[in-house]
Structure formats: structure tokens, C-alpha cells
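Visitor: Okay, handing you the structure first.
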Amino acid sequence: MADTLQQLLRERAEQDTVAVKHGDRSWTWRAHVADATRQAAALIGRADPERPMHVGTLLGNTPDMLTALAAAALGGYVLCGVNTTRRGDALARDIAKVDTQILITDAEHRPLLDGIDLAGVTVYDTGSDEWAQLLAGAPDLAPHKEVTADDTFMMIFTSGTSGDPKAVEVPHATVLFAGSALVQRYELDSTDTCYLSMPLFHSNAVYAGWSVALSAGAAMAPATFSASGFLPDIRRYGATYMNYVGKPLAYILATAEQPDDADNTLRVAFGNEAADRDIDVFSRRFGCTVWDGFGSTETAVIITRTEDCPAGSIGKGFPGVAIYHHETGEPCAVARFDDTGALINADEATGELVNTSGSGLFRGYYNDKSATDERMRGGVYWSGDLAYQDADGWIYLAGRTADWMRVDGENLTSGPIERILLRLPAINRVAVYPVPDELVGDQVMAAVVLRDGAELTPAEFAEFLAAQPDLSPKAWPRYLWIAADLPSTATNKILKRELVAMGTDPQGRTIWKRDGTAYAAHLG
């Protein structure tokens, strides 16, 4: 069994099953590995041996990106996945942060580099004559390094939902571990096709998409995510497996349901951060099994969901996973619930997800010792995710540490409120976050996106809230914004900091404000 991605790709070099499907074309693993070998040899030949062998990619989900991933693994150098939604100085910062010396881009993304400081970075456009000539003149591959399992394969930036993105050093072992575990769990092989529509510069696509196809020897169908294009793509490529992160299931479910939606090849969808309702509806509508779990780029806290997982829970943690009070560093109390299912000891039970046994698969943030030290306080990994755990060990997410709200002297978190609001059929997506109270503390604000064609009145919303036995009156949103869409990252995670910054001033928005139990609309 291969210990590194380098070894595994060498094994795929003699495989004549399909590796890539794109548009009307397909090609084998033998051809794919040959292309990647040529690219690796060419880039190693042009690199400065006195500098870190770090190759950046500013690419979408295309065959070029798949080749760049495989080339880095075969060549034994580090690939740096650059977020294609970053702009200007922020984009330049990311490229410089990871000591990029070569950057691969294409005609679609090349204009993003105009006018930014790229001192010391050699840029190649995959559609240029220069690139074609570079590959044509590639020597035989002499790897930059014969890597070990713990060597860094990739720099992957965090989503940046709570601050500037940080570059996580991802070793070969992490990617192999993720891929092989999912292949075994879902019994995938070379006859499968993996639909890769999540950004390939991010951890979810690498861990739960690319590595799965590589481990199984399955075909890869790279695509740009589109809610309307999802089902036609699944049918076109005969996709049997897909990965997701954030809210793509909700986006897909917002499209009009058709009677033949289940007439497709999809067997398994694996990802994280989908709502329970969306998991159930997506499974039924498209005739597949959806497995949702907890995941992060750092992979220091591992939680798995099993078939007997209760509604709302993300599963049970690996050994060492616990919930600690952020300030005291002590374990939190076991969560207790009343007869309605409402959490009755939130203050003492809600804390931060940690790994008490250390960093797990996390190797640190590149060029950011202070951020790494903050994560590894006292030899314990602190995730930044809030959660609580019941007496049987089931873990429930409560939000991020920035999601704490102090409402009328009571501590609240966003996660449980969001899960309740999603019970309302009219709502497709929701974000709950704190806004300042007029006097002291916080008030709850919610931003929601309705399903296509759905309508909601203030009276209907108030009636729904009053009918939820497990929703504390203090958790009723003081403000509600019905939005056309919500600001999000490239990985479909809602940017709550932008919502918080908007405040409660309508600023052209229609915002409902609650007075007692009634809501009235205020138009800015």
C-alpha cells in the first residue's frame, strides 16, 4: 500500500481506465500521469534551487488543476492552492505568504494578477505558447524530493470566515488517510466517477474529492458548481460520488423539483455543514445517500456520523476530542435537555471543540507561528468551533467562537437557533448572528433566503416561532432580513462578519423588527 501520493500516482501510471472526464473528452490514468510527469519535470527544471520549491495555482476546477495536483505529488514539491475569489492586495498577500516562486494560471484568471506586486514570482499561463514550449522541452523527471508521508504536499488556505485566511501545511499522509477511508467506507473503485465541483484549491475538494478518486482509481469530472447545472452534469458524466462543503445542497434544492430527478447515477454525496432537513430532502429527491460530517482544513478534530446519529448532531469524536470552556480550559458539563429537546444548561455545557491528545494531523500554519501557537494552547488543539455533547457522546455544533451572544443576561449561540429556523419550509438558507443591543449586550439577528417562489409574512414568522417548544423567547430574532442571497466564501460558507458589519440599519434593505411577539417591516 502506498505511503505517499507520489507512490500512489506512480502505481496509476500503468492504469488504462478513465481518469478524467471533461466536456466531451476523457483520458486514462496512464495519459493523465504522463501529463503530470511532464509538467513536474518542466517546473523543477525552471525553479530556483535556492528557494522553496513552492508552485502556486490560480486555476478553476479544470483538467489543468488536476494535472497541477498530480504533478506536485509526483515531483515531490509543494503545491499552493490560491483562492480564485481573492482580489488585489489580498491576492498578492496570499501568493507571497506561502513563498510562491512559480504561479500557474490560465486565460480566465490571468487578469486577476494585473497591477499587483508579484516580485520574485514567475507566472505561466496554461494557454500560452510559452507554456506549451516549456512542456515540450521537459526533461525526464528527476523528482525534487522522494517524499515521506509527513512531508508537505500542499498549502491550503482556510476559508477566512473569521479573519484573514491562514495557510495550512497539509502532509501527504493527511490526503491519503482521508481518501482511503472514504473509498473503503463507500466501496468505490475504478468503475466510479467522482464529481468534483467544490473548489480544488480548498481542503474539502482535496480530501473528500480528488484524494477519493486517486485512492479508488476512479474517474474525475471537474466542474464549476452550478445549482442548475448539477443534475445535467451528474447524468452527462455518469457520476456516482460527489463531495460538498457549506450550502450547495440548499442551493440545489432551491431549484424546481422535477418528477425524474431521481433518475441519475449518483450513489453517494459526502460533505459537511448541510442542514438535517437538506440531507433528508436531497437523499429522497435524487435517490442517493448523503453522509454529512464535521471537517476542517486543519484536520485536528475528527468527528464521524453513523447511521444512528440523532437529528442535529454531527456525530461522535475520535479519541481525544472533547469540549472545553474557552476561558477556564476545563471540560464542559454534559448537555441536558428538557422534554421539548431544548438545551437547558447552555452556559455550562457549551464550549470549544478541542483535541486533548494534541494536533492530530495538523502540522501548523505556514509562516504564522502566532496563529499556530494560538491553536495549540497548552498542548491542546483549540478549533474555534463551539459545541455541546450529550450523555451518550453525541456532539452538536453551536457555531464559531465569534457567534456567542449575550441576550438579556443569557448566553446564546447561533447553531441551535439556525437549526430551528430551518424547520420553516419557506426558508432555504439562514444565518444567525449578534448585533448590539440598544442598552447592553446583544440582540439576535437573522438573515434568511427564501425558497424560489416562497413567501413569508411577519405574522407567519411570529406564529412559527411561537410554535417551537424548544426555542427560548430570548432566542427569537429581534431583527430579520429576507435577503436575495447571503455573502459567502468560495466554499459556500456564509461570511457572518460581513452581515454583522451591515448592522441593523436597513440601508436599502427591508428588515423586520420585533416588538414583543409581533414583527413590523422597516424599509431603508
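The values are calculated or read from the model by the stated rules, or taken from the named source; none is laboratory data. Being a predicted model, the structure only gives us computed values, none of them experimental. When we count neighbours, we look across all protein chains shown, and the Cβ atoms used for this are built from the backbone with ideal geometry, even at glycine.
Visitor: Which numbered condition trips up Gly453, out of (1) modelled with pLDDT under 90; (2) touching a strand residue (DSSP E or B) at 6+ places or on another chain (Cβ under 7 Å)?
Guide: Answer for Gly453: the failing condition is (2).
Visitor: Being at pLDDT 95 or above, outside the structural domain of Gly399 (by TED's automatic domain parsing) and small (Gly, Ala, Ser) narrows it down to one residue among Ala475, Ala447; which is it? Please lay out each step first, then the result.
Guide: Values: Ala475 fails: at pLDDT 95 or above.
Only one candidate passes the filter, namely Ala447.
Visitor: Any residue in the stretch 166-185 that is assigned to a helix (DSSP H, G or I), without any contact (Cβ under 8 Å) to a residue 60 or more places away in the chain, surrounded by 23 or more Cβ atoms within 10 Å (Cβ to Cβ) and not charged (D, E, K, R)?
Guide: The answer is yes, given that some residue of the stretch 166-185 is assigned to a helix (DSSP H, G or I), without any contact (Cβ under 8 Å) to a residue 60 or more places away in the chain, surrounded by 23 or more Cβ atoms within 10 Å (Cβ to Cβ) and not charged (D, E, K, R).
Visitor: Within the stretch 376-411, track down each residue that is of a type in the set (D, E, K, R), assigned to a strand (DSSP E or B) and within 22 Å of the chain's Cα centre (by Cα).
Guide: Asp385, Arg400
Visitor: Condition test on Ala466, is it under 20 Å from Pro416 (Cα atoms), surrounded by fewer than 16 Cβ atoms within 10 Å (Cβ to Cβ) and modelled with pLDDT under 95?
Guide: For Ala466, the condition - under 20 Å from Pro416 (Cα atoms), surrounded by fewer than 16 Cβ atoms within 10 Å (Cβ to Cβ) and modelled with pLDDT under 95 - is met.
Visitor: Continuing with the same structure: Against the condition in contact with a helix residue (DSSP H, G or I) (Cβ under 9 Å, 6 or more places away or on another chain), among the polar types (S, T, N, Q) and modelled with pLDDT of 95 or more, how does Thr158 come out, does it pass?
Guide: Against the criterion (in contact with a helix residue (DSSP H, G or I) (Cβ under 9 Å, 6 or more places away or on another chain), among the polar types (S, T, N, Q) and modelled with pLDDT of 95 or more), Thr158 does not qualify.
Visitor: Would you check which residues across the stretch 172-211 are in contact with a Gly (Cβ under 6 Å, 6 or more places away or on another chain), among the hydroxyl-bearing types (Ser, Thr, Tyr) and closer than 25 Å to Gly75 by Cα and list them?
Guide: Ser190, Ser211
Visitor: So how many residues does the stretch 292-315 have that are in contact (Cβ under 8 Å) with a residue 40 or more places away in the chain and out of contact with any Cys (no Cβ under 8 Å at 6 or more places or on another chain)? Let's see the steps before the verdict.
Guide: First, pick out the residues of the stretch 292-315 that are in contact (Cβ under 8 Å) with a residue 40 or more places away in the chain: 294-303, 309-310, 312-315.
Applying the additional criterion that residues be out of contact with any Cys (no Cβ under 8 Å at 6 or more places or on another chain) yields 294-303, 309-310, 312-314.
Selection size over the stretch 292-315: 15.
Visitor: Having 2 or more residues that are free of Cβ contacts under 8 Å to residues at least 24 places away in the same chain and surrounded by fewer than 16 Cβ atoms within 10 Å (Cβ to Cβ) is the bar; report the strands (runs of 3 or more DSSP E) wholly within the stretch 190-271 that clear it. So that I can check it myself, show each step before the final result.
Guide: Working: elements: 193-196, 219-222, 241-245.
Filter on the stretch 190-271 gives an empty set.
Visitor: When the residues of the stretch 65-90 are narrowed to those that are over 23 Å from Gly364 (Cβ atoms) and within 22 Å of the chain's Cα centre (by Cα), which ends up surrounded by the fewest Cβ atoms within 10 Å (Cβ to Cβ)?
Guide: Looking at the filtered set, the residue picked out is Arg87.
Visitor: Sort through Thr17, Thr57, Thr28 and tell me the only one that's buried (at least 19 other Cβ atoms within 10 Å of the Cβ) and of a type in the set (Ser, Thr, Tyr).
Guide: Thr57
Visitor: If you don't mind, another one. State yes or no: is Gly341 part of a loop (DSSP other than H, G, I, E, B), over 24 Å from Ala178 (Cβ atoms), more than 22 Å from the chain's Cα centre (by Cα) and modelled with pLDDT under 90?
Guide: It is true that Gly341 is part of a loop (DSSP other than H, G, I, E, B), over 24 Å from Ala178 (Cβ atoms), more than 22 Å from the chain's Cα centre (by Cα) and modelled with pLDDT under 90.
Visitor: Determine which single condition Leu214 fails, assuming it passes every other condition in (1) within 23 Å of the chain's Cα centre (by Cα); (2) more than 22 Å from Tyr77 (Cα to Cα).
Guide: Against the list (1) within 23 Å of the chain's Cα centre (by Cα); (2) more than 22 Å from Tyr77 (Cα to Cα), Leu214 comes up short only on (2).
Visitor: Same structure again: Quick one: Gly415 ticks every box in (1) assigned to a loop (DSSP other than H, G, I, E, B); (2) modelled with pLDDT under 95 except a single one, so which number is it?
Guide: Going through (1) assigned to a loop (DSSP other than H, G, I, E, B); (2) modelled with pLDDT under 95 one by one, Gly415 breaks only (1).
Visitor: Step by step: first the residues of the stretch 97-126, then only those that are exposed (fewer than 13 other Cβ atoms within 10 Å of the Cβ) and touching a helix residue (DSSP H, G or I) at 6+ places or on another chain (Cβ under 9 Å), then the one that is farthest from Ala72 (Cα to Cα). Which residue is that?
Guide: Gly115
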